[in-house]
1. Using 0.36 nm times the number of residues separating ASP96 and GLU210, minus their current alpha carbon distance, what extension gain do you get?
2. For the chain, what is the calculated [θ] at 222 nm in deg cm²/dmol (nearest 500), taking -39500 (n - 2.57) for each run of four or more DSSP H residues and dividing by its residue count?
3. Taking H placed 1.01 Å from N in the peptide plane, check which residues at least 5 places from ILE188 or on another chain put their amide H under 5 Å from its amide H.
4. Skipping prolines and chain starts, which residues have an amide H placed within reach, meaning under 5 Å, of the one on GLU50, given they are 5 or more residues away or on another chain?
5. To the nearest 20 Debye, how big is the dipole of the chain about its Cα centre, given +1 on the beta carbon of each Lys and Arg and -1 on that of each Asp and Glu?
6. Relative to the compact globular guide of 2.2 N^0.38 Å, what is the alpha carbon radius of gyration of segment 9-101, as a ratio?
7. Under a crude label model (7 Å from the Cα following the beta-carbon direction), how far is ASP200 from ASN129 in nanometres?
8. Whole number please: convex hull volume per residue of the Cα set in the chain, in Å³?
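The values are calculated or read from the model by the stated rules, or taken from the named source; none is laboratory data. Computed from a predicted model, the values in this text were never measured in an experiment. Positions of Cβ are backbone-derived with ideal geometry, glycine not excepted, and every protein chain shown enters the neighbour counts. Ligands, DNA and RNA are stripped out before the accessible areas are found, and what is left, the full protein with its side chains, is counted by its heavy atoms. Shrake-Rupley method; radii C 1.70, N 1.55, O 1.52, S 1.80 Å.
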Amino acid sequence: MTDALLGPASVRDLAGRLGIRPTKTWGQNFVVDTGTVRKIVRTGHVREGERVVEIGPGLGSLTLGLLEAGASVVAVEIDPVLARQLPLTVAERMPDAVDRLEVLPADALTVTTLPGPPPTALVANLPYNVAVPVLLSFLERFDSLERVLVMVQAEVADRLAAPPGSRTYGIPSAKAAWYADARRAGSIGRAVFWPVPRVDSALVALDRREPPTTTASRQAVFAVVDAAFAQRRKTLRAALAGVAGSGEAAER
């Protein structure tokens, strides 16, 4: 049986046919290893019949893996050529799954609504240059998301999953923790990508929970987080003076 997923030769052939060279602008590194794709789908606990949102599907490596697991997928793709091609690739390699795929040609940072049923999971190989803002915006805008599994730069994974008090704890850690419990869920080798990136990658799993109990709004809390970590060498009193109005107010 021919594997419906995209291996190295299939990825290069497809990219060649489309005249595509992966661009740094859109943070494109395509996964060419089918074993890694299935590992991501397994780690994401993707269930048959589940609605999954994928960001930056690229040539469709992970999309095919999600469809293979029985999920219905809404894929958000900024590159118009790739957005047009994705349904054709699925029709060619996994024809029975065509009606379980919807493609939204859009910039994930500006998406406020998704077609079809609300997704319960986000599973994606996120473009590394916008990974944190995209992740946080989707957690904010789509409260139907119960679980997230994203592949990001290893350093970003460490920040997202960092506990308070650790050296890597910062803005991404604090903001992600507002929405979910985050943890490292595995490392990904460089050789599974084309082109091979210069950085290591890792999986981060987030499980949605209720936000912390507070009388302040999320926006107000996030403003304090931004100010507190903006200049790490400053004392907290000095860092928060701008938000509070003065050093004395910040201390109170």
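1. Numbers: separation 114, 0.36 × 114 = 41.04 nm, distance 3.77 nm.
Full-extension gain reported as 37.3 nm.
2. Numbers: 11 runs with 97 residues, N = 252.
Computed ellipticity for the chain at 222 nm equals -11000 deg cm²/dmol.
3. SER201, ALA202, LEU203
4. SER72
5. Details: 29 positive and 26 negative charges, 184 e Å.
Taking the Cα centre of the chain as origin, the dipole is about 880 debye.
6. Numbers: Rg = 12.6 Å, N = 93, 2.2 N^0.38 = 12.3 Å.
Here the answer is 1.02, to two decimals.
7. Simple spin-label model gives 2.5 nm for this pair.
8. Details: hull volume 33.3 nm³, N = 252.
Normalising the Cα hull of the chain by residue number yields 132 Å³.
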